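Please read the structure below before turning to the comments.
The values are calculated or read from the model by the stated rules, or taken from the named source; none is laboratory data. What you see is a predicted model, and the numbers here were worked out from it, not measured in a lab. Note that we place each Cβ from the backbone using ideal geometry, even for glycine, and neighbour counts take in every protein chain shown.
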Amino acid sequence: MKKPIVSVKDFNLTIGNKRIVDDLSFEIQPGEIFAFLGANGSGKTSTIRSLLGIYQPTSGTLHIDGHTYTPQFSHLVGYLPEERGLYTRSKVLDTMIYFGELKGMKRDDARTFSLAYLERVGLADKATTKIKKLSGGQQQKVQLGVAIMNNPQLLILDEPTKGLDPVNRKLLLDIVDEHQAAGAAVIYITHLMEEVERLADTLLILKDGRAEAHGSVAAVKKQFKSTSIEDIFVSIYNENSAEVAHV
Amino acid sequence: MSKLKTVIRHEYLTIVKQPSFWIMMLAIPLLIAAALSLSYFGNKSSEERINELAKDLKNVTIIDQSGLIKSEVVAASGLTLSASESANTARETVRTGKKDALIVYPTDLAQKRTYQVYLSSNDLTKSSSVTSLADNLLKTSLFLPLGSGEIIALAQNGAESQLTTYENGVKTAGFNEYIVPGLFVILFYLIFAFSVGYMLTSVSEEKENRSMEMVLTYVRPRHLIVGKLLAVILVTLTQIIFFALLTLIAYFVAQSLGNSISLPAGINLDELVFDPIAIFFGLSFLIIGFLMFAGFMIATAAAAPSTKEANSFSSVFFIGAFAPFYFVMMIVTDPENSITKFLTFFPLTSPVVTLLRNTVGNMSLLEASLALATMTLAMIVTIALAIRMFRLGALEFSSRIKLSSLFGKG
C-alpha cells in the first residue's frame with residue numbers, strides 16, 4: 001500500500017451551532033480518482049475548505065501528503081472551487097502567471113506553461129485579453145489551467161464540467177485522465193453520475209455531513225446491490241433525513 | 001517572502017496598469033489648474049467689465065442729500081449732481097426708462113450707512129456697475145480731504161503686513177515653520193483620496209468576483225493583507241513622486257518663461273524650517289493613521305457581501321477623516337478645549353487632528369507621544385480585527401459577518 005496523498009481521520013466541523021461534518025474519515029491514494037458526492041449543503045465544500053486549511057476543523061486531522069495543509073505546500077495542490085472567479089480586470093496571461101508563482105513556479109516557467117495551455121484549449125489569441133471579456137466557459141478553462149499548473153499531486157475539481165459544452169467537457173476530462181496517468185490523485189465533485197461511472201476509482205457519498213457510502217465503485221455497488229451509482233445516490237437521499245446543513 | 005513579493009507586484013501592477021489610474025492622476029491637477037484659471041480670469045474679466053461699464057455710465061442721476069459727496073468727484077466721472085428735492089421725479093424717470101439709474105445718498109447716510117440705487121432694468125451687470133460707481137463716488141469723496149492720490153489709495157485699500165515673530169528672544173520663520181509639517185496633512189488627504197479606497201476595492205472585488213477562495217488556497221490571509229497594504233503604499237509613493245515631478249516641471253517651466261513665482265501667504269522656500277521632532281511626529285501620525293484607515297477598509301470590505309455595500313459602510317470612515325475640518329479653527333487656536341482633546345484621541349479623527357496640531361505646534365511632547373501611542377494601539381486592534389474579519393468574511397458571499405462570530409472563539 002502506497003502512502004496516501006490525502007488522509008482524513010475523525011473529522012468533525014461545527015460552525016456556530018450547526019454541525020456541518022460528522023466524524024468523517026477517508027484516504028485517497030496517488031493516481032486515484034475519488035468521487036466526492038452529496039446533495040447541495042451536505043458538507044463537501046466545507047470538507048475541502050478544511051482540507052485546504054481555509055476552515056479550522058472542530059476535531060480530527062486532515063492531511064495532504066502527510067501534512068496539515070498550509071499555502072507552504074501549494075505546489076502539491078490544484079483547486080478548481082465551486083465558487084468560480086478570477087481577477088476580471090486582469091489579463092488572462094497575467095492572471096495565470098500570478099497563480100503559477102503563488103503555486104511555486106518560476107515566472108518564466110509559469111509563462112511557458114500558460115502559453116502552451118492556452119494554445120491547447122484554443123485560447124491562445126486571448127492571452128492578452130482581460131478576463132471580463134471572456135465567456136463563462138472560457139473563464140472556466142483558464143481556471144482549470146490555473147489548477148493544473150505546476151503538475152500538482154492532488155487535483156480538487158468542484159463540478160469542473162458545469163456549464164461546458166460537450167467538446168470542452170471532453171477536453172477537460174482528457175486533461176483529468178492525463179494527470180491521473182501521471183500519478184496525480186483527483187478529488188472529483190459532481191452531480192453528474194455518468195462522469196462518476198466513467199472516471200471514478202473510489203467514491204464517498206456524504207449526507208448531512210456523514211459518510212453514507214464509501215469505497216471502490218465496485219464495492220459500493222455490491223454493498224447496495226445495484227449496478228447504478230445514480231440509483232444508489234437516490235436511494236440514500238430518499239430515506240428520511242435530518243435537515244441538511246447549508247454552508 | 002517570495003509569495004509576499006508576488007502578491008505585492010500583482011496588486012501594484014493591477015492598480016497602476018489601469019488607464020483610469022493615470023487618467024485620474026492627470027485629471028486632478030489639470031482640473032485644479034483649470035478651475036483656478038477659470039476662476040481667476042473669470043473674476044478679473046467680470047471686474048474689468050463692471051469697472052468699464054461704471055466709467056461709461058452717463059445716463060445716471062445722482063442726488064446727494066447727505067452733503068458728503070464732492071461735486072468735483074462726480075464731475076470727474078463725467079456726471080453731475082442733481083438737486084436733492086428732485087428725488088421723486090428722478091425715480092419716475094428711471095421707472096419709465098428715460099434714465100438708466102438713480103443714486104440717492106440720504107441725509108442720514110452717516111448714521112444708517114445705507115443709500116439707494118434705482119435701476120431701469122434687472123440687468124445684473126448694470127446693477128453691479130452702478131453700485132460700484134456709487135461706492136467709488138462715496139469713498140473717493142470721503143477720502144478726498146486726505147490729500148494725495150497715494151494716501152487716498154492707501155486709505156481705500158489698506159497695506160500689506162509683514163510679520164516678524166520671536167520665540168525665546170530669537171526671530172522665528174513665522175508661517176514658514178508650518179509648511180513642512182503641514183505637508184503631512186496634505187499627504188494624508190492625498191493618500192486618503194486615492195490609496196485608502198484601493199484597499200476597500202481590492203478586497204471587496206476579490207470577494208465579489210469569487211477569486212478569493214482560489215487565492216486563499218495558495219497564500220496565507222496575513223500575507224495577502226500585508227501584500228495588499230504594501231502594494232498600496234507603493235502606489236501612494238508613485239503618486240507622490242508623480243505629483244512632485246509635475247510640480248517641479250511647472251516650477252521650471254514658469255522660471256524658463258521668465259515669470260517670478262510668488263507663493264501665497266508669504267511662503268518663502270529659503271526660510272522653510274525642518275524641525276526633526278515635528279517631522280518625526282508628522283510622519284508617524286501619517287503612517288499609523290494610514291494603516292489604521294486601511295484596516296478599517298479591509299474590515300469593511302471583508303464584512304460586506306458586495307462592493308456596493310462595502311462602499312456604503314466605508315462612508316463612515318470618510319466622514320471621520322473630514323469631520324475635523326469643521327472644527328479646524330478651534331483645533332489650531334484652542335488646544336485646551338475639551339472637544340479638541342477628544343478629537344485628538346478619538347481613533348477616527350485622531351490622524352487629521354494630530355497632524356493639524358503638529359503643523360501649528362500646539363501639542364506638547366507628552367501629549368503628542370500619548371496621542372501617537374493611543375493611535376498605534378487603535379491601529380493594532382483595527383488591523384487584528386480586520387484580519388479576523390477577513391478570515392471570517394472572505395468566503396461569505398451572501399451575508400454579513402455576525403458580531404457573535406467576530407468576537408467568539410475560532
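Of all residues in the range B:109-125, those satisfying the criterion of being surrounded by 11 or more Cβ atoms within 10 Å (Cβ to Cβ) and within 14 Å of B:GLY67 (Cα to Cα) are B:LEU109, B:ALA110, B:TYR115.
Residues checked against (1) without any contact (Cβ under 8 Å) to a residue 24 or more places away in the chain; (2) of a type outside the set (D, E, K, R); (3) within 14 Å of chain B (Cβ to nearest Cβ); (4) farther than 26 Å from A:ILE229 by Cβ:
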position: A:LEU13; (1), (2), (3), (4): no, yes, yes, no
position: A:GLY16; (1), (2), (3), (4): yes, yes, yes, yes
position: A:VAL21; (1), (2), (3), (4): no, yes, no, no
position: A:PHE34; (1), (2), (3), (4): no, yes, no, no
position: A:SER46; (1), (2), (3), (4): no, yes, yes, no
position: A:SER50; (1), (2), (3), (4): no, yes, yes, no
position: A:GLN56; (1), (2), (3), (4): yes, yes, yes, yes
position: A:GLY60; (1), (2), (3), (4): no, yes, no, yes
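Selection of first residues in the range A:159-186 that are within 24 Å of A:GLY85 (Cβ to Cβ) and in the same structural domain as A:VAL6 (by TED's automatic domain parsing) and of second residues that are in a loop (DSSP other than H, G, I, E, B) and aliphatic (A, V, I, L, M), restricted to Cβ pairs under 7 Å at least 6 apart or on distinct chains, gives the following pairs, ordered by first then second residue: A:THR161/A:LEU192; A:LEU171/A:VAL121; A:LEU172/A:LEU164. Only one of the numbered conditions (1) within 7 Å of chain B (Cβ to nearest Cβ); (2) of a type outside the set (Ser, Thr, Tyr); (3) at positive phi is violated by A:GLY122, and that is (1).
Among the residues making up the range B:177-212, those that are outside any helix (DSSP H, G or I) and free of Cβ contacts under 8 Å to residues at least 12 places away in the same chain are B:ASN209, B:SER211.
For the range B:163-199, the tally of residues that are touching a Lys or Arg at 6+ places or on another chain (Cβ under 9 Å) and in the same structural domain as B:MET292 (by TED's automatic domain parsing) stands at 2.
Rundown of residues vs (1) assigned to a helix (DSSP H, G or I); (2) within 22 Å of B:GLY158 (Cα to Cα), yes/no style:
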site	(1), (2)
B:VAL73	yes, yes
B:ALA90	yes, no
B:LYS98	no, no
B:SER127	yes, no
B:VAL130	yes, no
B:ALA134	yes, yes
B:LEU137	yes, yes
B:PHE143	yes, yes
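Residues that are buried (at least 17 other Cβ atoms within 10 Å of the Cβ) and either modelled with pLDDT of 85 or more or part of a loop (DSSP other than H, G, I, E, B) (or both) are absent from the range B:250-257 altogether. Among the residues of the range A:38-82, those identified as more than 27 Å from A:ILE232 (Cα to Cα), assigned by TED's automatic domain parsing to the domain that holds A:ASP231 and in contact with an Asp or Glu (Cβ under 8 Å, 6 or more places away or on another chain) are A:ILE54, A:SER59, A:GLY60, A:THR61.
Does A:ASP108 satisfy the criteria of being more than 7 Å from every other protein chain (Cβ to nearest Cβ), of a type in the set (D, E, K, R) and out of contact with any strand residue (DSSP E or B) (no Cβ under 9 Å at 6 or more places or on another chain)? So A:ASP108 passes the test. Looking across the range A:62-104, the residues that are of a type in the set (A, V, I, L, M), within 7 Å of chain B (Cβ to nearest Cβ) and not in a loop (DSSP other than H, G, I, E, B) come down to A:VAL77, A:LEU102.
B:ARG210: more than 19 Å from the chain's Cα centre (by Cα), of a type in the set (D, E, K, R), at pLDDT below 85 and at positive phi, yes or no? In short, yes.
Within the range B:138-149, residues that are assigned by TED's automatic domain parsing to the domain that holds B:SER71 sit with their Cβ atoms under 8 Å from residues that are among the basic types (Lys, Arg), at 6+ positions apart or across chains, in these pairs: B:THR140/B:LYS70; B:SER141/B:LYS70; B:LEU144/B:LYS70.
Exactly one residue among A:ALA110, A:ALA116, A:ALA39 is surrounded by fewer than 16 Cβ atoms within 10 Å (Cβ to Cβ), of a type in the set (A, V, I, L, M, F, W, C) and either in contact (Cβ under 8 Å) with a residue 40 or more places away in the chain or closer than 24 Å to A:GLN180 by Cβ (or both), and that residue is A:ALA116.
Within the range A:168-192, being surrounded by 19 or more Cβ atoms within 10 Å (Cβ to Cβ) and either over 14 Å from the mean Cα position of the chain (by Cα) or among the hydroxyl-bearing types (Ser, Thr, Tyr) (or both) holds for A:TYR188, A:THR190. Counting the residues of the range B:1-18 that are in a helix (DSSP H, G or I) and away from every other protein chain (no Cβ under 11 Å) gives 3.
No other residue among B:VAL226, B:VAL185, B:VAL170 is touching a Leu at 6+ places or on another chain (Cβ under 9 Å) and either farther than 30 Å from B:LEU286 by Cα or surrounded by fewer than 17 Cβ atoms within 10 Å (Cβ to Cβ) (or both) apart from B:VAL226.
Just one residue in the set B:VAL215, B:VAL219, B:VAL253 is free of Cβ contacts under 8 Å to residues at least 60 places away in the same chain and within 14 Å of chain A (Cβ to nearest Cβ); that residue is B:VAL215. For A:GLU32, the criteria (1) in contact with a Lys or Arg (Cβ under 7 Å, 6 or more places away or on another chain); (2) under 28 Å from A:ALA218 (Cβ atoms) hold in every case but one, which is (1). Candidates A:SER42, A:SER7: the one that is of a type in the set (Ser, Thr, Tyr), under 21 Å from A:LEU192 (Cβ atoms) and under 17 Å from the mean Cα position of the chain (by Cα) is A:SER42.
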